[in-house]
Amino acid sequence: MTHAPGKPVLRRVLRVRDLVFFYVTAVLGMRWVGTAAAAGPSALVIWIVAALTLFVPLAFTVIELSSRYPDEGGIYVWTRHAFGDFAGFMTGWTYWGANLTYLPGLLYFAASTALYIFGDRYVHLQDSGTYFILVALTGLAIAAVMNIVGLEVGKWLATVGAVGTWIPMALLIGMGIIAGVRYGSATPITPSSLLPATGLRDMVFWSTIAFAFTGLEAGSFMGEEIVDPRRSISRAIVISVISITAIYILGTLAILLALPQAEITGLGGIMDTITATGRRIGVTGLAPFAAMLIVLNTMGGVGVWLAAPARLPFVAGIDNYLPRAFGRLHPKYGTPHIALLLQAGVAAFCAILGQAGETPKQAYNILVSLGVVAFFLPYIAMFAAMIRLQREPAGPEVVRPPGGRPVAILLGWTGLATSLAAIILACVPPAGEADGKLYVIKVVGLSALLVASGVVAYTIGNARRRAAGATA
């Protein structure tokens with residue numbers, strides 16, 4: 001690939017194995033397994049439906065678009081080619097903004113899980129906003145430093161994250177099966193219990209399950225840091241999709257086998273299951289070990305979601321839509337350090353703001369819903385780009401879905417419809433929310449603020465570009 005004069009040249013360090021670790025860490029969230037199990041056996045069916053209506057369309061969309069345009073910036077580049085500069089910028093802006101709320105939510109989960117390492121000694125901290133903020137700030141600082149040093153170091157966060165997923169999930173699945181064989185399923189799994197509820201508040205859960213399958217596009221943000229990106233991305237995605245889907249379904253089933261549905265909680269579902277199931281089958285002492293691994297997995301996720309979206313302000317800085325400083329590389333490590341520091345700094349601000357006037361659980365719920373809405377906005381643009389770009393010829397280097405153009409268009413519309421439904425459902429207050437109107441105002445209002453700020457940033461950046469062009 002040729003580079004424009006003056007464009008920073010990035011190091012290609014990521015291979016297929018690294019990308020598999022990256023995708024597993026980016027997509028597979030163990031907290032979603034607990035959330036799914038808390039909804040009961042119908043979650044098993046919803047996992048399958050979500051995989052078919054979002055995960056599969058997402059996989060083929062990312063594979064095709066990243067093979068068409070394997071440049072640094074991923075979704076920003078794809079939508080810019082399809083719809084122009086404004087659409088590309090707004091897609092990148094909303095995607096970047098979505099992660100500012102996602103990272104604190106991820107770190108809140110890590111903070112909650114970390115308390116299991118010490119037994120009951122610090123359980124009182126579950127209600128401490130200060131504790132959750134301190135953990136979030138510390139985690140962001142560690143992830144930022146490792147990614148600034150370089151992907152040669154930063155990619156180990158993804159490796160640690162993947163290992164921190166597989167081991168506790170293997171423990172969870174194994175223990176759940178043993179408990180189910182010995183004592184029968186703790187949660188009855190019948191044909192009627194497998195049918196998803198269709199009430200509006202019940203369907204809110206569907207958007208969370210769809211959100212659990214997002215993230216495959218993240219690797220393409222670092223297209224110019226991947227060795228043979230067309231081949232590596234497609235192979236890594238196929239391996240990751242199969243393994244992630246299987247783990248989600250088997251992990252949910254294991255929790256249902258081990259615990260009654262009434263005893264399962266979203267934040268602590270996996271740890272509660274490992275602890276309670278260990279007592280049932282006579283295996284104790286695993287909870288601290290599993291908790292430590294889950295914290296490592298979550299830190300891996302923080303590293304991944306700090307590194308990949310930071311390439312968006314980096315590329316926008318190169319394109320002069322944001323100040324040129326964002327497009328600079330560290331003189332020693334060759335990484336977009338200013339973009340990374342911006343990402344970490346704003347995420348830290350969101351972590352503090354998220355606790356304003358809320359309990360940790362309320363703050364977590366708002367961050368999750370806001371993350372779902374903001375995250376699926378750029379997904380709508382990405383799937384629309386998949387449909388629009390079918391008008392362009394596909395060379396031999398483009399990896400297309402089986403069936404070619406008609407299937408690609410069908411996959412694009414399926415993913416787009418699922419993304420739109422997820423946004424609508426995420427705006428509905430969850431059951432038990434004390435002030436539903438305030439909840440909706442926060443989620444919708446903050447999402448609208450994110451979009452409006454993007455329009456302002458683009459307007460300022462476009463004026464800067466024109467001024468620079470006039471003086472060139």
Taking the stretch 373-391 and keeping residues over 27 Å from A212 (Cβ atoms) and out of contact with any Lys or Arg (no Cβ under 8 Å at 6 or more places or on another chain) leaves R388, R391
Per the filter on the stretch 80-109, residues crowded, with 24+ Cβ neighbours inside 10 Å, aromatic (F, W, Y) and more than 17 Å from the chain's Cα centre (by Cα) are F89
The residue from V77, V56 that alone is surrounded by fewer than 21 Cβ atoms within 10 Å (Cβ to Cβ) and among the aliphatic types (A, V, I, L, M) is V56
Considering only helices (runs of 4 or more DSSP H) wholly within the stretch 1-96, the ones with at least 3 residues that are at pLDDT below 85 and in contact with a helix residue (DSSP H, G or I) (Cβ under 8 Å, 6 or more places away or on another chain) are 16-27, 30-38
Going through the stretch 212-243 in order, the residues found to be of a type in the set (A, V, I, L, M, F, W, C), assigned to a helix (DSSP H, G or I), modelled with pLDDT of 85 or more and surrounded by 23 or more Cβ atoms within 10 Å (Cβ to Cβ) are L216, I233, A236, I237
Of the residues in the stretch 438-472, those that are exposed (fewer than 15 other Cβ atoms within 10 Å of the Cβ), at pLDDT 80 or above and of a type outside the set (A, V, I, L, M, F, W, C) come to S453, T459
If you check Y122 against the conditions, is it among the aromatic types (F, W, Y) and out of contact with any Leu (no Cβ under 6 Å at 6 or more places or on another chain)? no
The condition from (1) in contact with a Ser or Thr (Cβ under 6 Å, 6 or more places away or on another chain); (2) closer than 30 Å to A448 by Cα; (3) at pLDDT 80 or above that L367 misses is numbered (3)
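The values are calculated or read from the model by the stated rules, or taken from the named source; none is laboratory data. Keep in mind that what you see is a predicted model, and the values were worked out from it rather than measured. Heads up, the Cβs are rebuilt from the backbone with ideal geometry, glycines too, and the neighbour counts pull from every protein chain shown.
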